[in-house]
Amino acid sequence: MTQVPRRRRDYKPHDPARKSADLATRSLLIKKLVYAMPGGVVGALAGWFTGFGIIPGFLIGALFVFLLTSAIESSAASLFGKVYHPSAAATPRRREYSHAEALKAQGHYDKAIVAYQVALSEFPEDPEPYLRIARIHRDDLGAYDEAISWFKRARSDAIVDRIREVTIAREIIDVYTKRLGAPHRAIPELARLADRFEGDDVGEWARSEIERLKGVESGE
């Protein structure tokens, strides 16, 4: 059985979905509130001149700008989806994540993960940030279960074509069999792959792997 490498001592496991993913949402909210302040000032002045009231005018002006900013952001996200993801079968345009990559290259893995999470909060249909987070957990942190979780999120939350879906499944299977030394945990993933691509080469490969791993488990 493959020996599982020990994790880096300077890495503290955390739940990426709960601890860091909200950072991007909070940042966007703060940005909207900052943009809303000038609108509040204009509304306050209008309220003062018209006798409507400074405070009500400020609140209405700020709310108007806040909602307008949200609508523009939503429209931009929708346009991105239509331009870069015209259908569920389409492959999303590959984006560059130079800042996150630079952080990773410098060994700042937690910061790189947060940078990728900020990116996926803006473009959740792009599978690349999910996959890069998964590979940091797998290759740099030895956090294999977290890596598997991110691989699965890429498959379920982003838009992936057939080739990318098969690649993700193979990476998950590789983690189970080679990194964790737990081939039995790969069997459900292989079964899913066999059913999903029944009748073609991928499905046949998955079924043969299931039989092979069952033989390994039974000592045959």
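No lab work stands behind these numbers, since they all come straight from the coordinates. Predicted model only: the values in this text are computed from it and were never measured. Cβ: placed from backbone, ideal geometry, glycine included. Neighbour counts: every protein chain shown.
In this simple spin-label model, placing a label point 7 Å from the Cα along the Cα-to-Cβ direction at both SER98 and LYS152 gives a separation of 3.6 nm.
Other residues within the sphere of radius under 9 Å centred on the Cβ of ALA100, judged by their own Cβ, net out at +2 (K and R +1, D and E -1).
Taking 0.36 nm per residue of separation and subtracting the Cα-Cα distance, full extension of the segment from LEU33 to GLU211 would add 58.3 nm. Label sites at SER121 and HIS108, each approximated as a point 7 angstrom past Cα along Cα to Cβ, lie 1.7 nm apart. Over what distance in Å are the Cα centres of the stretch 194-217 and the stretch 112-162 separated? When both Cα centres are located, 25 Å separates them.
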